[in-house]
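Here's the structure, in structure tokens; my notes come after.
The values are calculated or read from the model by the stated rules, or taken from the named source; none is laboratory data. The shown structure was predicted, so the numbers you read here are calculated from the model rather than taken from an experiment. Glycine also receives a Cβ, built like all others from the backbone with ideal geometry; neighbour counts cover every protein chain displayed. For accessibility, only protein heavy atoms count, side chains too; no ligands or nucleic acids. Shrake-Rupley method; radii C 1.70, N 1.55, O 1.52, S 1.80 Å.
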Amino acid sequence: MCGIVGFTGSSPAAPVLLDGLERLEYRGYDSAGIAVVSREKGLQIQKCKGRLRTLRQRLEGIPPLEGTVGIGHTRWATHGEPNDVNSHPHVSQSGRVAIVHNGIIENYVEIKEFLLHKGVRFRSDTDSEVIAQLLDYYFTGSEDVLDAVYHVLARLEGAYALGILCTDEPERLIAARKDAPLLLGYGEGESFIASDATAIIAHTRDVAYMEDGEVAVLTPDGISVFDQYRRPVEKAHHFIQWDVSAAEKGGYAHFMFKEIMEQPEALRQTISPRLRNGEVVLDELDLTDEDLRRFQRIYLVACGSSYHVGMLGKYNLERFLRLPVEVCLASEFRYSAPLVDERSLVVVISQSGETLDSMAALREARSQGGYILSIVNVVGSSIARESDSVLYTWAGPEIAVATTKAYSTQLALLTMLGLYMARKLGRIDPAEYAAVTGELTLLPGKLETVLAGTDTYQYLASRYFNRDCVFFIGRNLDYALGLEGSLKLKEISYIHSESYAAGELKHGTISLIEPGTLVVALATYEPLFDKAVSNIVEVKSRGAEVVALTTESHRERMEKIATHTLTIPDTVTPLLPNLGVAPLQLFAYYIALQRGCDIDKPKNLAKSVTVE
Ligand code: F6R
């Protein structure tokens, strides 16, 4: 959730930290702060409630912070309301230690009581402050700060990514990680920590991912890493492939719009390398044909939009494989004593690869003997590293909080996984296999045509932006697609919206339809087109205004029924949602724009949900 950046080098730290925080702001944006340390000035801290621009304004009004070592934080509040005092960095009572923290310290009450008895006075309501105070308590000043860090870590329960400064050793930056993302950046005469690579990509692409239990000591000359027993660790270096422009708006008003428009290219990145001579090739899969034959059941486990990808995947995978597929919310799965065993294939879907519930679900499934295959966007993320096999979506960095291109690429990749397995197991009709793989190559081009005209969505937004409630209805793939359309709309425009399987309307929801109610009816799924039409007629006859989405070949018929008709090019059934999602994203985007919402940073949300 929160974003962390840290720097040690020979240039002033503050500008590097602010630049890094700017790129991390999507992870949390209710407050921000930086701490810089130098031998002459000690710790200098500026932090405040609000966006990073408020912190920048504050810094402009004071003399520059002096020092070439520092830590920064952008917050998504968990413990303690967003205010200046609860913002990070947190400083110990003596002013000797400053920390930034991402995660939750579960036993902070117990530690706080211990320290209160020792006479320590706390300033904030956060769980994080106990780390700074405990570190100061253990650090007597005579030994290495690292001794005290290890002492503290041994007492912490919960999750943390930590950046630590101490006035006694102002040239060093210390970092630690457990169940929260943190990477190390190796520059020329400078070293970095960051929650993700976007924060430091302008300085270095040479990174290493910290593992749970590791502690790193950073100086301008290099980084030493130790495991939980303080044994030195050789880190594998990774080279970040994408460049800095991928994480910038590049002239677009919003990251979300940019990322919607990037979807065709992102799909090419996902699909092209894995489609050779009409065959799906998944070199990354560490599975033999015998392994594939072993699986009796597939679990698709995820949260939010990634879960919606799973909802769609269930239809497609069951169709291709004729195997039972269960779609599970990670937050439920982890506590449900799932019936996973060694005959289970557990597919964890996550853009960030850091979602705590998905991670916990993965570990639960692994403990039951399941094979873990993850579909992840962020290379080197925790979920990717803990999986038996990883399929990367290669969508590039996704900055907007509301996912778009990650969703699309996850969906394409899950479909390809289904095709691959079904082909290997001889379960798919060769004609269908050829038709779907053939259409996969055409998908990016078809999506480009959907994205080519935005006027219609702007018009619809101008007409419907002030609604209080919107219903999405659909059947089969369209039902699962509606879940995503509804989530997109509510999370960025704050309009209440619900998505229903159209066949369920008569079992209750239809009582909410009244003259003027806006219904978005999804009718791309050809086999049930007539049923979709009946549902549209039902809601229209109760006064609803209907924006319908269908395929080009059904345009004429739909235009006679719906209030407005949107279309996508025809394609094979399993790929329809890959085209159908784009109009729903644009619809949500333009409505949020009309309502003046902060599209890239919706209220109460953060990009990467690393708390429960
Ligand atoms: C919605 C959205 C979220 C994420 C969810 C899971 O637009 O982005 O619902 O899909 O938080 O995140 P990942 O995929 O990173 O595990």
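Overview of values
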quantity: Translational D in µm²/s for segment 297-353 (Stokes-Einstein at 20 °C, 1.002 mPa s, Kirkwood Rh from C-alpha pairs); calculated: 188
quantity: MRE, 222 nm, helices only [DSSP H, n ≥ 4, -39500 (n - 2.57), over the chain, to nearest 500]; calculated: -11000 deg cm²/dmol
quantity: Computed label-point distance, nm, for sites residue 441 and residue 603 using a 7 Å Cα→Cβ extension; calculated: 5.0
quantity: Long-range Cα-Cα pairs in segment 328-434 (distance over 21 Å), rounded percent; calculated: 39
quantity: The chain - share of DSSP beta bridges that are antiparallel (%, nearest 5); calculated: 60
quantity: ³J(HN,Hα) computed for each position of segment 131-136 - Karplus, 6.51 cos²θ - 1.76 cosθ + 1.60, integer Hz, glycine/proline x; calculated: 5, 5, 5, 5, 4, 5
quantity: The chain, accessible area per residue, ligands and nucleic acids excluded (1.4 Å, Å²); calculated: 37
quantity: On Cα atoms only, tilt of 304-321 relative to the major axis of the chain in degrees; calculated: 50
quantity: The chain: angle of helix 145-155 to the longest principal axis, Cα-based, in degrees nearest 10; calculated: 50
quantity: The chain: relative contact order as a whole-number percent, Cα under 8 Å and 6+ apart; calculated: 12
quantity: Rel. contact order, % - alpha carbon contacts under 8 angstrom, at least six apart, segment 250-451; calculated: 29
quantity: Under-5 Å amide H pairs with residue 545, H placed in peptide plane, nonlocal only; calculated: 516, 517, 518, 519
quantity: Pair-distance profile P(r), taking every C-alpha pair of segment 455-594, with 5 angstrom steps and integer %; calculated: 2, 11, 23, 26, 22, 12, 3, 0
quantity: Centroid-to-centroid separation of segment 274-326 and segment 465-517 [C-alpha atoms, Å]; calculated: 28
quantity: Filtered chymotrypsin sites (Phe, Trp or Tyr not before Pro), segment 178-276: DSSP coil and at most 10 other beta carbons within 10 Å; calculated: 229
quantity: Degrees, to the nearest 10: 13-24 long Cα axis against longest axis of the chain; calculated: 20
quantity: Segment 553-612: trypsin sites (Lys or Arg not before Pro) in DSSP loop, at most 13 other beta carbons within 10 Å; calculated: 560, 603
quantity: When the chain is reduced to its Cα atoms, the Kirkwood hydrodynamic radius in Å; calculated: 25.4
quantity: Share of carbon and sulfur in the accessible heavy-atom surface of the chain [1.4 Å probe, %]; calculated: 49
quantity: Sparsely packed chymotrypsin sites (Phe, Trp or Tyr not before Pro) within segment 320-393, loop by DSSP, other Cβ within 10 Å at most 16; calculated: 335
quantity: Segments 377-387, 308-318, 436-446, 117-127 sorted - mean Cβ within 10 Å per residue, highest first; calculated: 308-318, 377-387, 436-446, 117-127
quantity: Over segment 135-175, equivalent-ellipsoid semi-axes from the Cα gyration tensor in Å; calculated: 18, 13, 7
quantity: Karplus-derived HN-Hα couplings along segment 412-424 (A = 6.51, B = -1.76, C = 1.60, θ = phi - 60°), whole Hz, x at Gly and Pro; calculated: 4, 5, 5, 4, 5, 4, x, 4, 4, 5, 5, 5, 4
